[in-house]
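As structure tokens, the structure follows; a few thoughts come after it.
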Amino acid sequence: MTDPIPSDRLPMTITQDNPHTTDLCHQPGLTRLDDALRIAFAEVAVSVPVEQRPLTGCYGAILREDIIARVDVPSVDNSAMDGYALCHGDFQKMSATGNVDIVVAGVSLAGHPFAGKIPTGQAIRIATGAAIPEGADCIVIQENVTANDDETLITLGQDVIAKTKPHQHIRRCGEDVTSGAVVLPAGKRLRPQDIAVAAGQGYQTLPVARPVSVAVFSTGDELAKPGDPLPPGGIYDSNRFAMIGMLRAAGCAVTDLGLLADDFDVLQSALADAAKTHDVIMTSGGVSVGKADLLKPVVDTLGQIHAWKLAIKPGKPMMRGRIGDCVVIGLPGNPVSVMVSGLLYAVPLLLHMMGASDAVCMPVRLPAIAGFDFKRGTGRREWLRARLEQDGDGNCHAMPYHSASSGMLSSMVWAEGLIEIDEDCGIIQKGDSVLYLPFGGLQAF
């Protein structure tokens, strides 16, 4: 949770680029995000091959086959505590009053179990994780007994006897994992704990998707490379670095093609070459309808356009096409639009191409309380850059950045997530329930 947000950064009603936006559902050519993703998932196949990769190379990869448990975990009944293994019925009969002295007949350690059956009326010293000796059915923890110096004799008080129950502190064979069960389903993005479970089942390699290969470039004659002199009226290219970071975090293999000029022949040649050696081409800029927006006509000459413009804000001018077997994704030019549309459309599609399940592709959405008032025209799903602020009662209030401008990249640095506003929602009042998408719940963060 962040520090409280200065009040001068959070007016009660945030500003809009255009407060008089009309209902955009009636504009032709706009597709809702849910429909766009459903169509894209149907039209773009799970395309990358499966490879067997050593466990240490599988972090963040997409699992392509179910992983079946080979062994029970635990493999035997074992102790959950350091203490003494006993037969509950034996010592319950020893005395109705006073303390009970019990002989310690042996030791059971992890990897070195006690051999044979526990003698009647006796105990076995046992370590955490050690196998339960035959005939024992409960564990008395070492803190609840008094032992002599060489631990050959322990004394149990009546209070301990009364509180001890059958099966106490015993982990049953297979209670964590049962042999034959699916421990990791196909489509899962592998986390450290997933790799650990596979290792615990004796797997040395896992069948995972080869990373999608993505060629990335930016267009715009106004752009300069970081480190170069900035020309009059120019800006440094930041979008390409955002795209590369998102793609690498999503597990893609990225080729950086750098900055390309706003020139039809240059773009046509670069895209034709990249399409031969990559699964995907992704770019920012050049996808709107201005004279210098050349990506759409270039792709039209080399392949096909399958999707054009989404009912989202920021990020409406977005393109999906294909050149041969290569998918082409054209993101908007505004920096916030690049990140939002990249996180919520491009990254899910790329994860889908690697075989990720729908649950992995979609972001985490958490309920939160609106800490602001907001009014807008309906028709597009919108995301406000936001943080959560916790009140004295522990309730989380979603607080937006003071401006909805898609040109303010610093707002993404300030933000820790996004507030999602549905296409049909035109008014949010302070105290309303809203959906909050934490950056940590997006697959490229």
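The values are calculated or read from the model by the stated rules, or taken from the named source; none is laboratory data. This one's a predicted model, so the numbers in the text were calculated from it and none came from an experiment. All Cβ positions, glycine included, derive from the backbone under ideal geometry; neighbour counts span all protein chains shown. Only protein heavy atoms, including side chains, enter the accessible area calculation; ligands, DNA and RNA are left aside. Shrake-Rupley method; radii C 1.70, N 1.55, O 1.52, S 1.80 Å.
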Notebook entry, point to check: What residue, among those in region 383-421 that are part of a loop (DSSP other than H, G, I, E, B) and modelled with pLDDT of 95 or more, is surrounded by the fewest Cβ atoms within 10 Å (Cβ to Cβ)?
Noted result: GLU416
Next item on the list: For region 335-364, name all the residues that are polar (S, T, N, Q) and open to solvent by less than 10 Å² (accessible area, probe 1.4 Å).
Entry: SER337, SER341
Note to self: Take the conditions open to solvent by 60 Å² or more (accessible area, probe 1.4 Å), more than 30 Å from PRO211 (Cβ to Cβ) and not in a loop (DSSP other than H, G, I, E, B) and apply them to VAL107. Does it pass?
What the structure shows: yes
Check: Among ALA162, ALA136, ALA199, ALA242, which is the only one that is part of a helix (DSSP H, G or I), farther than 30 Å from ARG53 by Cβ and small (Gly, Ala, Ser)?
Finding: ALA162
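Take residues that are basic (Lys, Arg) and tell me which of the strands (runs of 3 or more DSSP E) falling wholly in region 281-382 contain 2 or more.
Working: elements: 304-308, 319-323, 326-331, 366-370.
Those strands (runs of 3 or more DSSP E) span 319-323.
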Notebook entry, point to check: If you go through region 101-116 one residue at a time, do you hit one that is modelled with pLDDT under 95, closer than 18 Å to LYS163 by Cα and either of a type in the set (A, V, I, L, M) or in contact with a Phe, Trp or Tyr (Cβ under 7 Å, 6 or more places away or on another chain) (or both)?
Noted result: yes
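May I ask you to verify whether THR155 is free of Cβ contacts under 8 Å to residues at least 60 places away in the same chain, surrounded by 13 or more Cβ atoms within 10 Å (Cβ to Cβ) and either out of contact with any strand residue (DSSP E or B) (no Cβ under 9 Å at 6 or more places or on another chain) or assigned to a strand (DSSP E or B) (or both)? Even if it seems obvious, please write down each step before you answer.
Details: free of Cβ contacts under 8 Å to residues at least 60 places away in the same chain: yes; surrounded by 13 or more Cβ atoms within 10 Å (Cβ to Cβ): yes; either out of contact with any strand residue (DSSP E or B) (no Cβ under 9 Å at 6 or more places or on another chain) or assigned to a strand (DSSP E or B) (or both): yes.
Taking the combined requirement at face value, the residue satisfies it.
Within region 48-81, which residues are outside any strand (DSSP E or B), open to solvent by 30 Å² or more (accessible area, probe 1.4 Å) and closer than 20 Å to CYS173 by Cβ? Give the derivation first.
Let us first name the residues in region 48-81 that are outside any strand (DSSP E or B), namely 48-49, 55-61, 64-66, 69-72, 74-77, 80-81.
Going one step further and asking which of them are open to solvent by 30 Å² or more (accessible area, probe 1.4 Å), we end up with 49, 56-57, 59, 64-66, 70-72, 75-77, 80-81.
Within region 48-81, ARG70, VAL71, ASP72, SER75, VAL76, ASP77, ALA80, MET81 meet the criteria.
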Check: So which pairs qualify, if the first residue must be in region 382-401 and closer than 15 Å to GLU420 by Cβ, the second must be at pLDDT 95 or above and polar (S, T, N, Q), the Cβ gap must be under 8 Å, and the two must be at least 6 apart or on different chains?
Finding: ARG385/SER411; TYR401/SER411
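Determine, yes or no, whether GLY324 is without any contact (Cβ under 8 Å) to a residue 24 or more places away in the chain, exposed (fewer than 15 other Cβ atoms within 10 Å of the Cβ) and out of contact with any Phe, Trp or Tyr (no Cβ under 7 Å at 6 or more places or on another chain). Step through it out loud before you land on a result.
Working: without any contact (Cβ under 8 Å) to a residue 24 or more places away in the chain: no; exposed (fewer than 15 other Cβ atoms within 10 Å of the Cβ): yes; out of contact with any Phe, Trp or Tyr (no Cβ under 7 Å at 6 or more places or on another chain): yes.
So GLY324 does not fit the description; no.
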